[in-house]
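Colleague: I'd like to ask some things about the structure below.
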Amino acid sequence: MGYLFTIDIKGMINVRYRSVFDIIGPVMIGPSSSHTAGAVRIGKLCRRLFGKKPDEVTLHFYESFAQTYRGHATDVAVIAGLLDLETDDERIPNAFLLAQEQNMRISIVPETAPSQHPNTVMVDMVKGKDRMRVTGISVGGGMVRIVEVDGFHLRLTGEGPTLLVFNEDKPGAIANVTEVIAKAGINISHMEVSRRDKGRTALMRIETDQAVDDSIVRFLEERNFVLRVAKVKL
């Protein structure tokens, strides 16, 4: 597949998209690939990260999202994603009704503070004692990035198989996890490790060439130093 590019006034070539479909966006329900289809995908990634349907959701919209979410149905789209609907699902316009039928309580907060991207939503999810905060941005053409999860900064698109492993920050944790993945015959294509405070909680973002079986996720979750594992792919 080729790449589309532009040439700036200095003659520099700027590669931006792999195909015209990255600009047009995916097959979708809604008026905008950025504000609707992208918002559905952010919601779906939040659902994948949380691992279950939340009972309570608060959507914090920033900048452009905060100004246009009603007209572009961005709120409806994020909720549709949290309900695990696809971007072309004809039920998307009824997402709030579907959420109500599934006892999902929803709050919406248009924020006035600036954000790193004009199309930003922060999603707070609650189910029982479990809580998670995820921040996502819609970058155009239906493409999205998760940029923060519970205070950890990252870059997650959901386009390829990815594991997020939240773990205690202790020696041997990284080696233990990567050994499990290697023994399963899965190749790691990219990996990043971050932590908020030394010796407390850390996060591994592991991109793989092959899909990771749920049995491996369960095996990792049984490690005494692992707090939570999320398997993410749109």
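Rule-based calculations on the coordinates, nothing more; no lab input. This structure is a prediction, so every number in the text was calculated from the model and none was measured. Cβ placement follows ideal geometry from the backbone for every residue including glycine, while neighbour counts extend to all protein chains displayed.
Colleague: Can you compute 3J(HN,Hα) from phi for each residue in the stretch 222-234, using the Karplus curve 6.51 cos²θ - 1.76 cosθ + 1.60 with θ = phi - 60°, rounded to whole Hz and x for Gly and Pro?
Modeller: Result, ordered by residue: 7, 5, 5, 9, 8, 8, 6, 10, 10, 9, 10, 6, 6 Hz.
Colleague: Picking from 66, 125, 224, whose Cα lies most toward the positive end of the charge dipole for the chain (charges on Cβ: Lys, Arg +1; Asp, Glu -1)?
Modeller: Positive-end residue among those listed: 224.
Colleague: Please say if the chain is rounded, prolate or oblate, where rounded means a/c under 1.5 for a ≥ b ≥ c the square roots of the C-alpha gyration tensor eigenvalues, and otherwise the choice is prolate for a/b larger than b/c and oblate otherwise?
Modeller: In terms of gyration-tensor shape, oblate.
Colleague: For the stretch 85-116, which GluC sites (Glu not before Pro) are in a loop by DSSP, counting at most 13 other Cβ atoms within 10 Å?
Modeller: In loop regions of the stretch 85-116 (DSSP not H, G, I, E or B), the sparsely surrounded GluC sites (Glu not before Pro) are 90.
Colleague: How would you classify the stretch 27-156 from its alpha-carbon gyration tensor, with a ≥ b ≥ c the square roots of the eigenvalues: rounded for a/c under 1.5, else prolate if a/b is greater than b/c, otherwise oblate?
Modeller: rounded
Colleague: Also, I was wondering about something else. Report the antiparallel proportion of the DSSP beta bridges in the chain as a percent, rounded to a multiple of 5.
Modeller: 90
Colleague: Mind listing the long-range amide H neighbours of residue 189? Cut-off is under 5 Å, sequence gap 5 or more, other chains count too, H placed in the peptide plane at 1.01 Å from N.
Modeller: Correct list: 207, 208, 209.
Colleague: Whole-Hz ³J(HN,Hα) for each residue in the stretch 96-107, computed from phi via Karplus 6.51 cos²θ - 1.76 cosθ + 1.60 with θ = phi - 60°, x for glycine and proline: what do you get?
Modeller: 5, 5, 4, 5, 4, 5, 9, 6, 8, 8, 10, 10
Colleague: Moving to a separate point now. Semi-axes, largest first, in whole Å: what does sqrt of 5 times each Cα gyration tensor eigenvalue give for the stretch 162-232?
Modeller: After scaling each eigenvalue by five and taking roots: 19, 12, 11 Å.
Colleague: Take the chain, connect every pair of alpha-carbon atoms lying under 10 Å apart with a spring to form a Gaussian network, then pick out the residue of 83, 220, 156 with the largest mean-square fluctuation.
Modeller: 220
Colleague: Within 10 Å of each candidate Cβ there may be at most 12 other Cβ atoms; applying that plus a DSSP loop requirement, which trypsin sites (Lys or Arg not before Pro) in the stretch 85-194 survive?
Modeller: When the trypsin sites (Lys or Arg not before Pro) of the stretch 85-194 are filtered for loop state and at most 12 Cβ neighbours within 10 Å, 129 remain.
Colleague: Starting from the amide H of residue 201, placed 1.01 Å from N in the peptide plane, find each other amide H under 5 Å away whose residue is 5 or more places distant or on another chain.
Modeller: Residues meeting the criterion, in which the H sits 1.01 Å from N, are 169, 196.
Colleague: For 157, 36, what ranking results if the residue with the fewest other Cβ atoms within 10 Å of its Cβ goes first?
Modeller: 157, 36
Colleague: Do you know the relative contact order of the chain, to the nearest whole percent, from alpha carbon pairs under 8 angstrom that are 6+ apart?
Modeller: 20
Colleague: So for the stretch 145-231, taking the charge dipole from beta-carbon charges (+1 Lys/Arg, -1 Asp/Glu), which of 212, 172, 191 sits furthest toward the positive end?
Modeller: 172
Colleague: For the chain, with only Lys/Arg (+1) and Asp/Glu (-1) charged at the beta-carbon, what is the dipole magnitude about the Cα centre, in debye rounded to 20?
Modeller: About 440 debye.
Colleague: What FRET efficiency would be calculated for the residue pair residue 103, residue 133, taking the C-beta separation as r and a Förster radius of 30 Å, to the nearest 0.05?
Modeller: With R0 = 30 Å, the Cβ-Cβ based efficiency is 0.90.
Colleague: Turning to a different aspect of this structure: Obtain the nm distance between the two label points defined at residue 155 and residue 117 by a simple spin-label model: each point lies 7 Å from its Cα along the Cα-to-C-beta direction.
Modeller: So the two model labels end up 1.1 nm from each other.
Colleague: Might you report the magnitude of the Cβ-based charge dipole of the stretch 162-232 about its Cα centre, with Lys and Arg at +1 and Asp and Glu at -1, to the nearest 20 debye?
Modeller: Magnitude of the dipole: close to 300 debye.
Colleague: What length, rounded to one decimal in nm, is gained on full extension from residue 96 through to residue 215, with 0.36 nm per residue of separation minus their alpha-carbon distance?
Modeller: Contour length minus the Cα-Cα distance gives 39.5 nm.
Colleague: Related question: Hey, rough spin-label estimate for residue 88 and residue 233, points 7 angstrom out along Cα→Cβ, what's it come to in nanometres?
Modeller: 2.0
Colleague: Hey, what number do you get for the chain at 222 nm if only DSSP H runs of n ≥ 4 count, each worth -39500 (n - 2.57), divided across all residues, to the nearest 500?
Modeller: Helix-only estimate at 222 nm: -7000 deg cm²/dmol.
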